1. Keeping all protein chains in place and using 1.4 angstrom, which order do Met1, Met160 fall into by accessible surface area, from largest down?
2. Answer rounded, prolate or oblate for the range 1-69, using the Cα gyration tensor with square roots of eigenvalues a ≥ b ≥ c: rounded when a/c is under 1.5, else prolate when a/b is larger than b/c, else oblate.
3. Based on the alpha-carbon gyration tensor of the range 71-167 and its eigenvalue square roots a ≥ b ≥ c, which shape applies: rounded if a/c is under 1.5, prolate if not and a/b is larger than b/c, or oblate?
4. Can you list the residues, at least 5 places off or on another chain, whose amide H is less than 5 Å from the amide H of Thr202, using H built in the peptide plane?
5. Label points 7 Å out from Cα along the Cβ direction at Ile80 and Met1: separation in nm?
6. Hey, what's the chain come to in accessible area per residue, 1.4 Å probe, Å²?
7. Which net charge results when you count Lys and Arg as +1 and Asp and Glu as -1 among the other residues whose beta-carbon is under 13 Å from that of Leu290?
8. How big is the gap, in Å, between the Cα center of the range 192-270 and the Cα center of the range 280-324?
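The values are calculated or read from the model by the stated rules, or taken from the named source; none is laboratory data. Being a predicted model, the structure only gives us computed values, none of them experimental. In this analysis, Cβ positions are derived from the backbone assuming ideal geometry, glycine residues included, and neighbour counts consider all displayed protein chains. Remember, those area values only see protein heavy atoms, side chains included, never the ligands or the DNA or RNA. Shrake-Rupley method; radii C 1.70, N 1.55, O 1.52, S 1.80 Å.
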Amino acid sequence: MKLQQLRYIWEVSRHDLNVSATAQSLFTSQPGISKQIRLLEDELGLEIFSRSGKHLTHITPAGEQVIAKAGEILREVASIKKVAQEFKDEQRGTLNLATTHTQARYALPAVISSFIKSYPEVALNMHQGTPVQIAELASEGEVDFAIATEALEHFTDLIMLPCYKWNRCIVVPRDHPLTRVGALTLEQVANYRLVTYVFGFTGRSKLDEAFSRAGLEPKVVFTATDADVIKTYVRSGLGIGIIAKMAYSKDSDSDLVALDASHLFDYSTTMIGCRRGTFLRGYMYKFFELFAPHLTRQRVEDAFNSVNQTEVDEFFSDVSLPVK
């Protein structure tokens, strides 16, 4: 059994059983991958993939378990390489992040700028997607950190560390009737067409829960993953917008008014998730602290030594999170 063979079956499973696409991604030949997979199956005495002619059709039950173990082995190999690199050159390496548009656009720019100044030899790669997609990337070891508000809790192999709390604002044109009322109520908001985030994005669940508790049916007419898109449609007159407060800028959004809505909705917490067992390099600890100053190296190490997520949550229960 060769490490290369394990990498091949892992990558083929990640490329929808398309051996040709796998070969292109690994800069090798399709026949070479097929041959190595057959050799591994012969050695194990079982089929990892079922076939129809020359085409792979699905992963066998035994193959599912073999591929899962292969993924674990490949992640351990990557950790060993990180250990070696840390001792060889602690200032050089790669940091892979996965996050949503809101975090990438509004929460991370200053952090990334500071990080690059501190570690100019570390290549930083950012992947954007839905909360579920980025959680999957972290769970599978494809990225080092996943930063999101939703979905991370569904992946039990991730350690989730709380970063900050945030709430929402209502954005409307400057001449909108809501600019002339006092403290907003949910009933007033529910009277208007709403433009907000897609379900599963950027704390959308807290919004839906608030309307449900009040027995109100919000008139959501348009949803998007991007706060800038939401603001564009508010400007076009489609409806009033509900966005993360951090996504409103007095300078670039001066034609809109942001109305405080923190009393209408529960606060959301942005988390940073990392696969349990990941070897954390020195610059990774630095990123934690730049993004959330309370995530000191000692606290992160204690969290990674915890038994489960419940213990992690208890560990941070007395930490006062910053509000953005």
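1. Details: Met1 125, Met160 20 Å².
The ranking, largest first, comes out as Met1, Met160.
2. Numbers: a/c = 1.42, a/b = 1.23, b/c = 1.16.
Taking the square roots of the gyration eigenvalues as a ≥ b ≥ c, the range 1-69 is rounded.
3. Numbers: a/c = 2.26, a/b = 1.19, b/c = 1.90.
Cα axes put the range 71-167 in the oblate bin.
4. Residues meeting the amide H criterion: Thr149, Glu150.
5. The modelled label-to-label distance comes out at 1.4 nm.
6. Roughly 49 Å² per residue, with all protein chains present.
7. On the way: positive: Lys117, Lys286, Arg297; negative: Glu289.
Here the charged neighbours net out to +2.
8. 29
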